[in-house]
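Here's the structure we're looking at; comments come further down.
The values are calculated or read from the model by the stated rules, or taken from the named source; none is laboratory data. Just so it is clear, the structure is predicted and the values come from calculations on it, not from any experiment. FYI the Cβ positions are ideal-geometry reconstructions off the backbone, even for glycines, and counts take in every protein chain you see. Remember, those area values only see protein heavy atoms, side chains included, never the ligands or the DNA or RNA. Shrake-Rupley method; radii C 1.70, N 1.55, O 1.52, S 1.80 Å.
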Amino acid sequence: MAELKTFDDLDELARGAAEEIAKSAEEAIAARGRFTIAVSGGNTPKPAYRLLGQEPWLGRIDWDRVDVFWGDDRHVEPTHPESNFRMVMDTMLSRLPIPFANVYRMRTEMPDAKRVASDYERTLHDDFDLEGAELPRFDLVLMGLGADGHTASLFPGSEAVHERRRLVVAPWVKQLSAWRITLTPPVFNNAALALFLVSGEEKAEALKAVLEGDFEPDRVPAQIVRPEDGRLVWLVDRAAARCLRDVDR
Ligand code: 6PG
C-alpha cells in the first residue's frame, strides 16, 4: 500500500525527503553497516540533495558507509549539462565526505548505450555480490514522476516497462529521440524503500493517474514501481496533489 505525505511546497517537500533519506541511511547502516541508494535525475530532487550536504542531515549520515548508484542516466558525457551524474555531483556529492570509490556512475561516455547498460549490470553484480539471476536490494530508490507518467527512464510505450530479466537496459526513447540507460522494474521493486518526489501542478494529472487511475503501466509507467517486500512512499506538494481525492489540502 502506498504511503502519501503532502507538503505545502517544494522547500518543505525537500526537507521531508532529506529526513526520509537520512532515516533510511541511519537504519541501514545500523543494521547492516551500509546504505545503498539509487538516486534520481531531474529537477525535483535538487533541493533535497542540497540539504543532505548541510546540517543537520550532513552529520547524521556516515558517508563512508553510503554507496551511491543511479536509477537512470542520459547517454551523454558525464560532464554534459544533461548528465544526471553531473547534476548529483554538483548538487550533493561534491559537498559530501563520501569516498569516490562509493560513487558508482553509469559510464555513459561509452558510444554504445547497450554497452553502458551491460557494464552497469556488471557493476551491480559485483558490488551486490549477486549470484545468477539474483536481484540487488537497494535500501532506497529515489524516483521522480514526469508529467507523462514516466519514472526513471521508463517511458510510456517503452518495452523497458515490461523488462523482467535484465537489471539495466538502454531503451531508445522516441519521445526524446534519445538513448537512455535505466534500472529495470525488477530492481526498483526489490528495493526496501521506493521514495517518489513529486512537485508542481504540471504533475497533478500524472499523479492522479498513478495513484487513482486503473493499472495501466504502458500508459503510466510509474505505476510499475511497487516494491514486493518494501515500502512505497510518495512525497508530494499541494500543487501536485490538487487533483487527488480526499487529500487534506
Ligand atoms: C531523469 C529522471 C526522470 C525524472 C522525471 C521528473 O533522468 O530525468 O530520472 O525520471 O525523475 O523526468 O523530472 P523533474 O523532477 O525534472 O520534473
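Taking the simple approach of a point 7 Å from Cα along Cα-to-Cβ for both Glu201 and Asp11, what is their distance in nm?
It works out to 2.0 nm between the two label points.
What part of the accessible area of segment 11-112, given as a whole %, is carbon or sulfur when the probe is 1.4 angstrom? Write down the numbers at each step before the final one.
Working: 2150 of 4420 Å².
C and S fraction of accessible area: 49 percent.
Just to confirm, what accessible area per residue do you get for the chain at 1.4 Å probe, in whole Å²?
In whole numbers, the chain has 45 Å² accessible per residue.
Amide H of Phe138 versus every other amide H placed in the peptide plane: which residues, excluding those fewer than 5 positions away on the same chain, fall under 5 Å?
Correct list: Ala191, Ala192.
With a/c under 1.5 counting as rounded, go ahead and sort the chain into rounded, prolate or oblate using the C-alpha gyration tensor (a ≥ b ≥ c being the square roots of the eigenvalues; past the cut-off, prolate if a/b is larger than b/c, else oblate). The partial results should precede the final answer.
Numbers: a/c = 1.41, a/b = 1.08, b/c = 1.31.
Here the chain falls in the rounded category.
Rounded to the nearest 20 Debye, what is the dipole magnitude of the chain about its Cα centre when Lys and Arg each give +1 and Asp and Glu each give -1 at the C-beta?
Values: 32 positive and 43 negative charges, 54 e Å.
Once rounded to the nearest 20, the dipole reads 260 debye.
What relative contact order, as a whole-number percentage, does the chain give when Cα pairs under 8 Å and 6 or more residues apart are counted?
Values: 525 pairs, mean separation 57.4, N = 249.
Dividing the mean separation by the residue count of the chain yields 23 percent.
Can you compute 3J(HN,Hα) from phi for each residue in segment 65-76, using the Karplus curve 6.51 cos²θ - 1.76 cosθ + 1.60 with θ = phi - 60°, rounded to whole Hz and x for Gly and Pro?
Couplings: 9, 9, 10, 10, 10, 10, x, 6, 8, 8, 8, 9 Hz.
Most mobile of Gly33, Gly132, Gly42 per a Gaussian network model of the chain (Cα springs, under 10 Å)?
Gly132
May I have the extent of the alpha carbons of segment 1-96 along their three principal axes, as whole Å values ordered from largest to smallest?
Ordered largest first, segment 1-96 gives principal extents of 36, 34, 30 Å.
Using DSSP, restrict attention to beta bridges with both residues in segment 1-160 and report what percent are antiparallel, rounded to the nearest 5.
Values: 1 of 10 bridges.
Within segment 1-160, antiparallel bridges account for around 10 percent of the total.
Determine which lysines satisfy two conditions relative to Lys208: a Cα distance under 18 Å, and not lying fewer than 8 residues away in the same chain.
Within the straight-line cut-off, Lys208 pairs with Lys5.
Using the Karplus curve 6.51 cos²θ - 1.76 cosθ + 1.60 with θ = phi - 60°, work out ³J(HN,Hα) for each residue of segment 34-39 in order, rounded to whole Hz, and write x for Gly and Pro.
Per residue, the Karplus-derived 3J(HN,Hα) values read 7, 10, 10, 10, 10, 8 Hz.
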